Every structure is written in C-alpha cells, then in structure tokens.
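Just below is one structure, and these are the notes that go with it.
Coordinate-derived values only; no laboratory data. Since this is a predicted model, take the numbers as computed values, not measurements. Here the Cβ positions follow ideal geometry from the backbone for every residue, glycine too, while neighbour counts run over all protein chains shown.
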Amino acid sequence: MNIVTNLDDWLAIRKTLSTVSIGFVHTMGNLHEGHMSLCQQSKQMNDVTVVAIFVNPAQFNDANDFDLYPRTVNQDIALLSQHDIDYLLLFDANALYPDDYQVQINETETSAVLEGECRPGHFTGMLTIVLKFLNIVQPTRSYYGEKDYQQLLLIQKMVKALFLPVEIIACPTIRAEDSLALSSRNSRLSPDQRKLAAQLPVLLQGVANPEHITLTLQQLGFKVDYVTDKWQRRLAAVWLDGVRLIDNISLER
Ligand code: AMP
C-alpha cells in the first residue's frame with residue numbers, strides 16, 4: 001500500500017491513473033469491519049482503491065468529541081495493508097483547508113432535521129470535506145455506509161445538485177453479533193454500557209412505535225436525542241453518558 005501524506009504528491013500520482021477505475025472510501029479512521037466492508041466493495045468494483053483517513057475538525061460541533069475521537073493510525077495502516085488497499089491518503093488540516101474554513105457547502109433542507117438539529121454545523125462540515133476529497137481523488141465510485149443514513153442522503157443530494165461525475169454506492173450497516181452497529185465511538189463505552197447499547201438495535205427492530213421505544217430507552221438509562229420514522233427508515237440517536245450513538249433500520253419490509 002502506498003501511503004501519501006503530501007497533497008501535491010497525490011495530485012501528481014492521480015494524473016498517472018487516468019485510464020483506471022478508482023473506488024474511494026472516505027473515513028475518520030479507527031477502522032473496523034464496517035469500514036472494511038466498504039473497501040471490499042470498492043476492490044470488487046474498481047481497478048484501484050483509495051482510502052482517506054482524516055478526522056475533520058469542521059464537522060465536530062463538540063470540541064470534547066473531537067478531542068476524544070479515537071485515533072489509531074498505525075493499527076489502521078496494518079489493517080488496510082492486510083486488505084491490499086492501493087493508496088492511503090493522510091493529509092493534514094492545513095493542506096485540506098487552504099481557505100482557513102471560509103468556503104463551505106450548505107444544504108438547507110435535509111440537513112435541518114435530526115442530526116442537523118442536534119449537531120449544528122455538522123453537515124456543512126461533512127459536505128465540505130466530502131466535496132474536497134471527491135475533487136482531490138476524482139473517483140469513479142465512492143462508498144458510504146447506510147449506518148450514517150442522513151449523511152448518505154445528503155452526499156447523494158450534493159452529487160446530483162452539483163453534477164459531480166461520481167457514482168455514489170450505498171453499503172449496508174455492519175453489526176456486531178449482538179446487533180450493535182459497529183462504530184468507532186463504541187470503543188469509548190464501558191463493558192456495562194456496551195451491553196446496554198445492544199438494546200438500541202433490538203428495540204429499533206421490534207414492533208413498538210418510536211414514542212414507546214423512546215420511553216423504554218429512557219427507562220434503561222439512555223438519554224434520547226430522537227427516535228423517529230423518516231425516509232422509509234427508523235432512525236435514532238442516543239447518549240450513554242458522554243458517548244453518542246446513532247443507528248437506523250429500513251422500514252421497507
Ligand atoms: P467514519 O469513519 O465513521 O466517518 O465512517 C466512514 C464511512 O464508513 C462512512 O461512510 C460510514 O457510514 C461508514 N461506516 C461506519 N460504520 C459503519 C458500519 N457499521 N457499517 C457500514 N458502514 C459503516
């Protein structure tokens with residue numbers, strides 16, 4: 001695997017890749033099987049797979065969450081190498097934000113609800129960094145998880161609105177044996193919290209309505225930001241102490 005830390009070096013390499021199909025997987029690192037399922041799909045569908053790891057300051061509305069976000073780059077490099085990834089991009093914030101964060105992408109409708117309401121500015125930061133990487137990598141296809149369903153909808157919407165020449169591939173949520181969606185933030189849960197967290201997908205997949213699920217989660221000790229049905233999904237965001245978890249399931253049966 002080629003590890004590229006300098007943006008100009010990557011732009012020179014990219015010029016040599018004009019005749020191959022490129023799959024791109026955009027991550028914040030602390031990689032797990034969820035991320036690797038995106039890589040797997042990319043490898044199956046493209047000649048070359050490019051992965052980026054960048055913990056994007058602009059999409060964290062909470063400085064504490066940014067500071068505590070797990071950073072495990074050596075472990076991530078080992079995992080990506082085992083999976084025969086072609087390029088890993090590790091750029092720093094100075095290179096990615098030459099404008100000092102003054103140019104941002106703003107969507108006004110899908111981003112105004114749920115995650116957007118709970119995390120002001122999050123989706124503007126997310127769309128901005130996704131657009132930057134799509135321009136830098138110019139992939140044929142780019143892979144995103146249904147785990148972050150509202151994010152996926154917004155990326156699809158941006159690609160359509162801005163006529164970006166890339167195919168967006170949606171990938172199913174990968175779960176642990178007890179059904180908890182894999183997430184980098186799970187590593188911040190204590191063993192007891194980790195057990196309790198598995199109740200979230202179980203309740204979402206059950207027969208109760210969102211109001212009832214909210215009450216049950218609160219009785220179990222979760223703080224609930226929302227449980228709601230929208231976009232043919234049941235979506236939820238909850239807290240266990242300082243750790244925020246999101247999940248969603250399809251309502252198309
Ligand atoms: P992150 O590093 O959390 O920003 O995630 C990078 C990409 O991996 C995003 O497209 C996520 O939706 C996707 N992803 C994260 N967790 C999972 C999971 N459990 N299953 C499938 N995709 C995931």
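A few remarks follow.
- Gain on full stretching of the segment that runs from Q219 to V20 - 0.36 nm per residue minus C-alpha separation: 66.3 nm
- Percentage relative contact order, region 94-253, counting C-alpha pairs under 8 Å, at least six apart: 16
- Placing a pseudo-label 7 Å from each Cα along the Cα-to-Cβ vector at A12 and T108 gives an inter-label distance of 4.4 nm.
- With a simple spin-label model that places each label point 7 Å from the Cα along the Cα-to-Cβ direction, the separation between S187 and N94 comes to 2.6 nm.
- Extending 7 Å from Cα along the Cβ direction at S250 and again at F163 yields two label points whose distance is 3.3 nm.
- Beyond 20 Å in Cα-Cα separation lie the following of the pairs K195/K230; K15/K157; K132/K157; K15/K160; K195/K223: K195/K230; K15/K157; K15/K160.
- GNM top mover of L68, L31, L89 - the chain, alpha-carbon springs below 10 Å: L68
- When the chymotrypsin sites (Phe, Trp or Tyr not before Pro) in region 1-103 are filtered for DSSP coil states and for at most 16 other beta-carbon atoms within 10 Å of their beta-carbon, the remaining sites are Y101.
- Contour excess over end-to-end distance, with Cα ends at F66 and A170 and 0.36 nm allotted per residue: 34.9 nm
- Inter-centroid distance (Cα atoms) of region 1-56 relative to region 174-230, Å: 31
- DSSP-defined beta bridges in the chain - what % are antiparallel, rounded to 5: 45
- When the chain is treated as a GNM with alpha-carbon contacts under 10 Å, the residue of L17, L180, L154 showing the greatest mean-square fluctuation is L17.
- Applying both filters, DSSP loop and at most 16 other Cβ atoms within 10 Å, to the GluC sites (Glu not before Pro) of region 153-227 gives E177.
- Every Cα-Cα pair of region 103-253 was included, and the share exceeding 25 Å stands at 33 percent.
- Size of charge dipole - the chain - debye, nearest 20, with Cβ of Lys, Arg +1 and Asp, Glu -1, no other charges: 380
- 5 angstrom amide H check on E167, placed H, neighbours 5+ away: R141, S142
- Largest GNM mean-square fluctuation among N56, N30, N64, using the chain with Cα springs under 10 Å: N64.
- At R0 = 45 Å, FRET efficiency that the Cβ-Cβ distance of V73 and E211 yields, to 0.05: 0.60
- Among H122, V137, A93 - extreme Cα towards positive end, dipole of region 49-155, charges at beta-carbon: V137
- Length available on full extension from M1 to W239: 0.36 nm per residue minus the Cα-Cα distance, which gives 82.0 nm.
- Dipole magnitude for region 7-152: computed about the Cα centre from +1 point charges on Lys and Arg Cβ and -1 point charges on Asp and Glu Cβ, it is near 420 debye.
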